[in-house]
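Presented below is the structure to which this report refers.
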Amino acid sequence: MKELTKKTVKRPNLAVEIAGIQLRNPVMPASGTFGYGEEYAPFLDLEKIGAIVTKGLSLKPKAGNPTPRIAETISGMLNAIGLQNVGIDAFIKYKMPFLRTVNTPVIANFFGNTLEEYGEVARRLNDIPEIAAAELNISCPNVKQGGIVFGTDPRAASEVVALVRKHLQKPLIVKLTPNVTDITVVARAVEEAGADAISCINTITGMSVDIHTRKPRIANRTGGLSGPAIRPIAVRMVHQVVQTVTVPVIGIGGIVRPMDALEFLIVGAKAVQVGTANFVDPTSMMTIIEGIEEFCIDEGIEDIHQLIGSLKL
């Protein structure tokens, strides 16, 4: 494409709204791949991305799983970090001061191992004015009910969303696990329970073995597969969820290039999250945002909403 200047080309409008939150563009990091925001400040301008999504927060600090807990795979990565984080109190005391200085919406991802923990973290997040929204991770086991993962059972998912809704007046985004038979059933359940938006997908459970040691490559044995390898699955699931719910959907899964993000937007996602690519290239989100803008210019698209949901069947 020939070099374009602001004088000769009208820049497309990339702004979108998710559950009442105004984003300057539809690109944000996926939780767990961007720290608490400050870690990436030396590499890109945080006021040029759509939102900052924090590492998942729990009621108490969490050390995570034993190492090794990351393994590279063909076109992807396995991880079993174990949701390591500083805990909600330390987040408020040590991480929020920096986030308050950035003019970009902050979405706090959070989780719990019991309904009570989910509710308490939600209550504390609700008291932080600078948090624009909360993203609920339901890919966690309910330790009080035999370890069943909240997000794999529509009734359990509905229950935790309904409880969090009672404690949270801020917009609530629910992040869905792909490790289910039919993701639309869970999507419908969390929407009915009070979700204002849905993000999908989380990682897909996988395993890798070192053929020389004959041991799993990560200490946890299994981990979450992310990266380009899962993108076609993620695009399919986002398409299904968009057809099922009326709330906005945020697409996640293997986005590395601008064209990857565009796939999710075309099938109906209103925004996207970039995850594994941040480890490979800390500036990847900027490349994706610029690529989306260039694509819109080339295609004569003046507003990103002309592209969102434009899939032809």
Between 0 and 90°, nearest 10: helix 154-167 axis offset from the chain longest Cα axis:
80 degrees
When the chain is treated as a Gaussian network with springs between alpha carbons less than 10 Å apart, the largest mean-square fluctuation among 48, 93, 270 is found at 93
To the nearest µm²/s, what D does Stokes-Einstein give for the range 16-306 at 25 °C and 0.890 mPa s, using the Kirkwood radius over alpha carbon pairs as Rh?
129 µm²/s
Pseudo-spin-label distance residue 259 to residue 286, built 7 Å along Cα→Cβ, given in nm, is 2.4 nm
State the antiparallel share, in %, of DSSP beta bridges confined to the chain, rounding to the nearest 5.
40 percent
Compute for the range 87-126: radius of gyration divided by Kirkwood radius, i.e. Rg/Rh, restricted to C-alpha atoms, rounded to two decimals.
1.01
May I have the extent of the alpha carbons of the range 112-225 along their three principal axes, as whole Å values ordered from largest to smallest?
53, 29, 26
Calculated from DSSP H runs of 4 or more alone, at -39500 (n - 2.57) each and per residue, what is the 222 nm mean residue ellipticity of the chain, nearest 500?
-8000 deg cm²/dmol
Those trypsin sites (Lys or Arg not before Pro) in the range 96-186 that DSSP places in a loop and that have at most 16 other beta carbons within 10 Å
100
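Values in this text are rule-based calculations from the coordinates and carry no lab data. Quick caveat, the model's predicted, so the values are computed rather than measured. Every residue, glycine among them, receives a Cβ derived from its backbone with ideal geometry; neighbour counts consider all protein chains shown.
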